[in-house]
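The values are calculated or read from the model by the stated rules, or taken from the named source; none is laboratory data. Predicted, not measured: the structure shown is a model, and the values here were computed from it. When we count neighbours, we look across all protein chains shown, and the Cβ atoms used for this are built from the backbone with ideal geometry, even at glycine.
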Amino acid sequence: MEYSEKSIGSFEAKTHLSSLINEVEKGDHYIITKRGKPVARLVPYKSETTGIKEVIEQLEQIRANAIGAGSIKELIADGRKY
């Protein structure tokens with residue numbers, strides 16, 4: 001998933017918080033700065049269980065797409081040949 005992080009000053013963020021929340025709900029990400037230095041990140045909320053499930057799914061996809069994928073025992077046996 002691609003996204004761009006936009007930078008916004010703390011005063012402007014405070015002034016436009018409700019519109020920023022609407023944008024974040026759509027997937028935008030914001031870095032909130034104070035005097036030009038990053039102090040906070042405004043991102044869509046994800047529950048931790050959802051994140052873990054996504055990571056597991058990604059690892060399973062990587063495993064399925066791995067070249068010469070086989071069982072662990074087969075991979076170990078192949079490694080011992082050399």
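Considering segment 21-41 alone, what residues qualify as being out of contact with any Leu (no Cβ under 6 Å at 6 or more places or on another chain) and either part of a helix (DSSP H, G or I) or under 13 Å from Ser4 (Cα atoms) (or both)?
If the condition is that a residue be out of contact with any Leu (no Cβ under 6 Å at 6 or more places or on another chain) and either part of a helix (DSSP H, G or I) or under 13 Å from Ser4 (Cα atoms) (or both), then Ile21, Asn22, Glu23, Glu25, Lys26, Gly27, Asp28, His29, Ile31, Arg41 are the ones that fit.
Mind listing whichever residues of segment 42-52 are modelled with pLDDT under 85 and either among the hydroxyl-bearing types (Ser, Thr, Tyr) or assigned to a helix (DSSP H, G or I) (or both)? Working first, answer last.
Our first condition is that a residue be modelled with pLDDT under 85; within segment 42-52, this holds for 46-52.
Residues satisfying the conditions are Ser47, Glu48, Thr49, Thr50, Gly51, Ile52.
Can you find even one residue in segment 29-38 that is modelled with pLDDT under 90 and either closer than 16 Å to Ser10 by Cβ or surrounded by 10 or more Cβ atoms within 10 Å (Cβ to Cβ) (or both)? Reasoning before the result, please.
First pass over segment 29-38, keeping only residues modelled with pLDDT under 90: none.
There is no residue in segment 29-38 that is modelled with pLDDT under 90 and either closer than 16 Å to Ser10 by Cβ or surrounded by 10 or more Cβ atoms within 10 Å (Cβ to Cβ) (or both).
Taking segment 53-82, which residues are modelled with pLDDT under 75 and surrounded by 10 or more Cβ atoms within 10 Å (Cβ to Cβ)?
Listed by number, the residues that qualify are Ala66, Ala69, Gly70, Leu75.
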